[in-house]
Amino acid sequence: MEAYCVKCKAKREMKDPKKITMKNGKPATQGICPKCGTKMFKIGG
């Protein structure tokens, strides 16, 4: 899955994507940027 990395300022393919549920109950995906190691986050299923 692709997400925006805030540190690299570019869209990248997420490493180790995990499906999570936000506090408000909506689905999201959380992973790691393969280039810089920063957490990446994408809202939606």
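Read-outs throughout are calculated quantities, based only on the coordinates presented, and are distinct from any laboratory measurement. From a predicted model like this one, the values you see are computed outputs, not experimental measurements. Every residue, glycine among them, receives a Cβ derived from its backbone with ideal geometry; neighbour counts consider all protein chains shown.
A Cβ distance below 7 Å, combined with a sequence gap of six or more or placement on separate chains, defines the contacts here; from segment 16-45, residues that are over 18 Å from VAL6 (Cβ atoms) reach residues that are among the basic types (Lys, Arg) in the pairs PRO27/LYS19. Is it the case that THR21 is β-branched (Val, Ile, Thr) and surrounded by fewer than 10 Cβ atoms within 10 Å (Cβ to Cβ)? Yes; evaluated as a whole, the condition is true for this residue. Annotation: of all residues in segment 24-37 being surrounded by fewer than 14 Cβ atoms within 10 Å (Cβ to Cβ) and not in a strand (DSSP E or B), the one that is nearest to the chain's Cα centre (by Cα) is GLY37.
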